[in-house]
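One structure is given here, and the rest of the page talks about it.
The values are calculated or read from the model by the stated rules, or taken from the named source; none is laboratory data. Treat the numbers as computed from the prediction; the structure is a model and nothing was measured. For neighbour counting, all protein chains shown are included, and Cβ atoms are generated from backbone atoms with ideal geometry for every residue, glycine included. Surface accessibility is based on the protein's heavy atoms, side chains included, excluding ligands, DNA and RNA. Shrake-Rupley method; radii C 1.70, N 1.55, O 1.52, S 1.80 Å.
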Amino acid sequence: MADKGVYRSPALSGPQLEDFRRLNQELKFRCSEEELQGMAKIMEGVTAAYQRVSELPDTSLPVVRYPRTPGYKPRPDDNPYNAWAWKCDIRGAAEGKLSGRTVGIKDNIAVAGVPMRCGSKILEHYVPEFDASIVTRILDAGGHIVGKTAVEDMCMSGSSVTSADGPVTNPHDVTRTAGGSSCGSAVLVACGLVDFAIGGDQGGSVRIPASFTGIVGLKPTYGLVPYTGAWAGEPTVDHLGPMARTVADCALLLEVIAGYDDGRDPRQFPNTTVPEYSKLKVGLLKEGFDSCTEDIVKTIVRDASNKLTEAGMTVAELSIPLHRDGVGYFAKGFYPVSLLEAMHRGISAQPHDLHPLVKFRCLSGEYMTQTYGRSNKFYAKANNLVMELTHLYQHAESMCDNVMPFNITGHPALTINAGFAPTDDGKQLPVGMMIVGRKFDDVTVLQVARAVEKMTTRD
């Protein structure tokens, strides 16, 4: 484990004249030999500046305030459903909102001195030297971090079968998926092995496994919870959120991890507040039901919605056609340099070890880049459409088809168990109901979820 400011990037060598000649041909710039020689000469000074940056200590690293040991990789008999990526024992402050409560941290979030693999062989030996901001907040609140939770390979799957350590199984039926990519977090919470867990959500990765395991999972409003120190899937849709067995616990963990991170995460907005509300209105999204193919799931969710009407809330069906149609790096903020370098080393040395799903995304992305350029029209147009889609959701207040749009628009979305559906072999599988609210009105989402919880909890 490293202290603040000791990490230094390795030395580098800048492009030489031969490199400029090669790139000139590849990019078809038609630079003259004289121009290329001039560029190579200028580059000597630029390389010296790069070298100086490389030699300076990275003083942006957060202070690691709580002692810990590296922990250990659990044995199969100590790892039910294969939900643990790593076990550890890090105790926070003596008092706080989470005092005496155990927490699992998704293994795409940095915990200093503890291995972080993102479910992939690519990061086999990476150990971060810093705590992610939410890890510090959990420890400051008295939380007891007991391990890293299993994730899908590079967090790129909504199933639970692509991790380098093997599939994570569903405790309700081990022959079925637990959902992803925050599969380990969901399973450990569902089994009562941790009180809370943190999940990450770029396209449903908190809500899908929460739904599949019957727990509560919240993707907060975009920017409400700092992403600082977590592996970024795509900064325009990155979210971290709480997972727990009850709405009250989910809200408690959100209280601890939410809030502005002093400019370290450019996804955030300074001085954000939760707006007041005077009347609850709940919308049933027509397109959400259209994308569901199982009638029993639709029935259970509609029954839960009807109970909200009985409780005095206004429930109305609404339609947002763009729901079915539903990324760039920021310039400012904290960058985990050691993690980026570990990724570069791993991909350069062993790209074959990436899961086929990750390879598919890389290959399709590279094709689009080569065909249409890095600033392609599809990316630009999609971001323009996001403004319209965000506006529609914001004024309507209203799975991967249902969950992904809210990563794009940034609205808070919570999954809560609405009941159980029988299977052909006599088992009962949980059915999740997603509740979506206006931006930064996460408190209303939690309150509606609490109302559902009271009415659907079985004796």
| task | Order K148, K427, K41, K28, most accessible first, counting only protein heavy atoms with a 1.4 angstrom probe. | result | K28, K41, K427, K148
| task | Compute, for L36, the solvent-accessible surface of its heavy atoms (probe 1.4 Å) with the complete set of protein chains present, and express it in square angstrom to the nearest 10. | result | 10
| task | Rounded to whole Hz and in sequence order, give me ³J(HN,Hα) for segment 417-426 from the Karplus expression 6.51 cos²θ - 1.76 cosθ + 1.60, θ = phi - 60°, writing x for Gly and Pro. | result | 5, 9, x, 10, 10, x, 9, 5, 9, x
| query | Among rounded, prolate and oblate, which fits segment 193-262 when a ≥ b ≥ c are the square roots of the eigenvalues of its C-alpha gyration tensor, a/c under 1.5 means rounded, and a/b larger than b/c means prolate? | reply | oblate
| query | Can you list the HN-Hα couplings for segment 448-455, worked out from phi with the Karplus curve (6.51, -1.76, 1.60; θ = phi - 60°), rounded to whole Hz and with x for Gly and Pro? | reply | 5, 4, 5, 5, 4, 4, 4, 8
| Which whole-Hz ³J(HN,Hα) couplings does segment 24-39 yield from phi under the Karplus relation 6.51 cos²θ - 1.76 cosθ + 1.60, θ = phi - 60°, glycine and proline marked x? | 4, 5, 4, 8, 6, 7, 6, 5, 6, 4, 5, 5, 5, 5, x, 4
| Listed residues Y66, Y72 arranged by accessible area, highest first, probe 1.4 Å | Y72, Y66
| note | Here the residues of segment 143-179 lying in the modelled label zone of K121, meaning backbone nitrogen under 11 Å from a point 7 Å along Cα-to-Cβ, are 164-165
| note | Ignoring ligands and nucleic acids, R75 exposes an accessible area, probe 1.4 Å, in Å² to the nearest 10, of 150
| task | Whenever you get a sec, line up H144, H344, H239 from highest to lowest accessible area (probe 1.4 Å, protein heavy atoms). | result | H344, H144, H239
| said: Using amide H atoms built in the peptide plane, which far-off residues or other-chain residues are under 5 Å from R176 H to H? | reply: N170
| request: Can you send over the solvent-accessible area of M156, 1.4 Å probe, protein chains only, in Å² to the nearest 10? | output: 60
